Amino acid sequence: MRCVVCWAWCKICSKDRVVLDGEQCLFNYSLSRWLPLETEDSLKYYMDSLLQSDLTLCPVGRNTECYRIYEAMSLGSVPVVEDLRTDGNCDVSAAAPLRLLKQYGAPITYMKSWYELSELLKKEAELTLEEKIERRAALVNWYRSFKRNLSNHFINVIKQKFFTT
């Protein structure tokens, strides 16, 4: 398996730490010593790619849910998400994965298999530019509302748990 940080070939030891050729990988060093691989140019390229994309493919990794889903929504690119459970460290209940996105009716595309992609792309090609623009605006507005609702819910929980007598 490749390391999630440095992409060198790694293996997982019994303590679930990433190990590179018998030495500790960068992933396990303290954050003060870890240097991100992202540059201003690569970040700009990534953001521009999302802005120019009508769809963003979000294959599962260690967990079903990942930051790419939310980055895509924030820029109006519809996430295309594999709707399956992984063996990762996130919620493994019957409602998982993607529980909150489903609960709040996220306007994203769920797929059980990537074999469904060709059909999705055919439907996508039939959309007019106006329909894509409307969908993009609706997605960005939905995502803003979603973040606001979660923030308000969190604040209410904190108030109830810590400030109610």
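Structure above, values below:
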{"read-out": "Residue among 104, 143 that alone is among the hydroxyl-bearing types (Ser, Thr, Tyr), in contact with a helix residue (DSSP H, G or I) (Cβ under 6 Å, 6 or more places away or on another chain) and either over 15 Å from residue 58 (Cβ atoms) or without any contact (Cβ under 8 Å) to a residue 40 or more places away in the chain (or both)", "value": "104"}
{"read-out": "Search result, residues across region 118-160 that are touching a strand residue (DSSP E or B) at 6+ places or on another chain (Cβ under 7 Å) and among the hydrophobic types (A, V, I, L, M, F, W, C)", "value": "120, 139"}
{"read-out": "Scope region 128-140; condition under 25 Å from the mean Cα position of the chain (by Cα) and without any contact (Cβ under 8 Å) to a residue 12 or more places away in the chain; matching residues", "value": "131, 133, 134"}
{"read-out": "Tabulated pairs, region 63-74, first within 16 Å of residue 110 (Cβ to Cβ), second part of a loop (DSSP other than H, G, I, E, B), C-beta under 6 angstrom, 6+ apart or interchain", "value": "63/86; 63/88; 63/90; 64/86; 64/97; 65/97; 65/98"}
{"read-out": "Residue list for region 98-127, filter: among the basic types (Lys, Arg) and either more than 18 Å from the chain's Cα centre (by Cα) or outside the structural domain of residue 75 (by TED's automatic domain parsing) (or both)", "value": "122, 123"}
{"read-out": "Considering residues of region 102-134 that are surrounded by fewer than 14 Cβ atoms within 10 Å (Cβ to Cβ) and of a type in the set (Val, Ile, Thr) only, the residue farthest from residue 74 (Cα to Cα)", "value": "128"}
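The values are calculated or read from the model by the stated rules, or taken from the named source; none is laboratory data. Here the structure is a predicted model, which means the values were calculated and not measured. When we count neighbours, we look across all protein chains shown, and the Cβ atoms used for this are built from the backbone with ideal geometry, even at glycine.
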